[in-house]
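Undergrad: I am attaching a structure below and will ask some questions about it afterwards.
What follows draws every value from the coordinates through simple rules; no lab data is involved. The shown structure was predicted, so the numbers you read here are calculated from the model rather than taken from an experiment. When we count neighbours, we look across all protein chains shown, and the Cβ atoms used for this are built from the backbone with ideal geometry, even at glycine.
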Amino acid sequence: MNSPSHPIAPPASTQPLAGALDIAIVLPTFNERDNIAELIARLEKTLLGLRWEILFVDDDSPDGTADVVRTHARRDSRIRLVHRIGRRGLSSACIEGILATSANRIAIMDADMQHDETILPKMLAKLNDESLDLVVGTRNAAGGSMGEFSSKRVLLSSFGRKISQAVCHCDLSDPMSGFFLIDRSYFMEVVHHLHRGGFKILVDILASSNRPVRFGEIGYTFNQRKYGESKLDLNTGVEYLFLIINKMTNGLIPTRFAVFSLVGVAGLVTHFICLTLLLKSFHLHFFAAQITATYIAMTENFFLNNLITYRDRSLRGGRLAYGLVSFWLACSFGAWANIIFSRSLLQSGTPWYLAGLAGIILSSVWNYSISNLFTWQMPQKLRETVPAELLATDVKEPS
């Protein structure tokens, strides 16, 4: 049998120091097999003289990351593994990792070695000396740099930082950072209010705080990934949007419904554009133009919802055609209910704008409910793997 290109055997173990832990490092992982050995060696060197543990939270990586970690953990009890099956998401992995350690100071960082582990002792000293709630490794303050990030990634990070200011309760230079040290007592203050979905756990923590956050920052240079692939994709942006909406509405409006409604607004714009073109350029009769524009908008809404709102239940193949037809039917009935309800309100003396708004809300709730029940019904096998509290909200843990 061929030997692996990257050996997984850990170095000889050092006996852990007695006493309470000075720090725990929580590392969420997915397909990071080739980074594990070097990352552990780096952390062990950086944390020399401290009482520490490293806790990997792996989302059942297909590349065998959990097996590599388990091999190291058998040799050194300071290295631990939480192997999650049927659950995914960086934020929820971080939360489970923090709750699984007894340490009062917990660092969150990526396992791809893009975060500079050498500043951890400085972060720990700052948090302890100044009695802070958290210390953030920042790329945007003194001593910090985005490194060799592409201009596109820098622009996306800057845009995300500006959006986060709408919900965060402090003026951090890098709220999008995934590298920070947090005090357990502060974490326990906010943990029950966390959204738990997506990739930006720091934004979630800051936005969930009921008091001013005592924070500090330490600059570092963002490194290039050596092995594996970046997890940044369309879903990352969508899940960040979900988080921001959840925090802006204080959780009162289901996040999935809010996104469903935003897609509906986009469909409304498309409807009016198509209606104008069909009437002015193609000179169709209004009734024919209205029906055509309606179904074009509904089709657009279906594919946008399939891509964004229900990306965790995205329909493919034959189910896509069935889903489109069921969505058409649901929205057709919703439009009919909208007209009947708003007209009855208007006839009873309700102002036209309130009657119209009531009709829109009725049809939106109807379309959303039917879409949930029939068009994008969660498969039973998937439902069985999702925790009950996440099913209750239907939005907390997008995969």
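Undergrad: So, in nm, how far is label Thr276 from label Leu262 when the simple model puts each one 7 Å beyond its Cα toward the Cβ?
TA: 2.4 nm
Undergrad: Run through the range 262-345 and list the chymotrypsin sites (Phe, Trp or Tyr not before Pro) located in a DSSP loop whose Cβ has at most 11 other Cβ atoms within 10 Å.
TA: Phe282
Undergrad: Within 10 Å of each candidate Cβ there may be at most 15 other Cβ atoms; applying that plus a DSSP loop requirement, which GluC sites (Glu not before Pro) in the range 16-80 survive?
TA: none
Undergrad: Nearest 0.05, what FRET efficiency do Tyr322 and Ile291 give at R0 = 22 Å with Cβ-Cβ as r?
TA: For Tyr322 and Ile291, the calculated efficiency is 0.50.
Undergrad: Count neighbours as other Cβ atoms within 10 Å of each site's Cβ, and list the trypsin sites (Lys or Arg not before Pro) in the range 249-327 that are DSSP loop with at most 16 such neighbours.
TA: Hits after loop and neighbour filter: Arg316.
Undergrad: What is the distance in Å between the Cα centroid of the range 301-365 and that of the range 73-141?
TA: Value for the Cα centre distance between the two parts: 44 Å.
Undergrad: Which residues does the label zone of Gln377 cover in the range 286-315, counting backbone N under 19 Å from a point 7 Å along Cα→Cβ?
TA: 306, 310-315
Undergrad: Give a residue-ordered list of calculated ³J(HN,Hα) values for the range 36-50 (Karplus: 6.51 cos²θ - 1.76 cosθ + 1.60, θ = phi - 60°; whole Hz; x for Gly, Pro).
TA: Per residue, the Karplus-derived 3J(HN,Hα) values read 5, 4, 5, 4, 4, 4, 5, 5, 4, 5, 5, 8, 4, x, 9 Hz.
Undergrad: May I ask you to derive the relative contact order of the range 31-108, considering only C-alpha pairs under 8 Å and at least 6 residues apart, and to give it as an integer percent?
TA: 32 percent
Undergrad: When ranked by the protection proxy of mean other Cβ atoms within 10 Å per residue, highest first, what sequence do the peptides 179-187, 345-353, 74-82 form?
TA: Answer by packing, highest mean first, reads 179-187, 74-82, 345-353.
Undergrad: Next question. Would you please give the residues with an amide H less than 5 Å from that of Leu27, counting only those at least 5 places away or on a separate chain, with H modeled from the backbone geometry?
TA: Under 5 Å from the amide H of Leu27 lie the amide H atoms of Leu55, Phe56, Val57, each far enough along the sequence or on another chain.
Undergrad: Follow-up. Subtract the Cα-Cα distance of Leu329 and Ile85 from 0.36 nm times their separation in residues, and report this length gain in nm to one decimal.
TA: 84.2 nm
Undergrad: Mind scanning Lys122/Lys226; Lys200/Lys226; Lys45/Lys247 and naming the pairs with a C-alpha gap bigger than 29 Å?
TA: Pairs exceeding the cut-off: Lys45/Lys247.
Undergrad: Given points 7 Å out from each Cα along the Cα-Cβ axis, report the Ser344 to Cys170 separation in nanometres with one decimal.
TA: 5.3 nm
Undergrad: Same structure again: Tell me, what is the FRET efficiency for Thr221 and Lys45 to the nearest 0.05, using R0 = 22 angstrom and their Cβ-Cβ distance as r?
TA: For Thr221 and Lys45, the calculated efficiency is 0.75.
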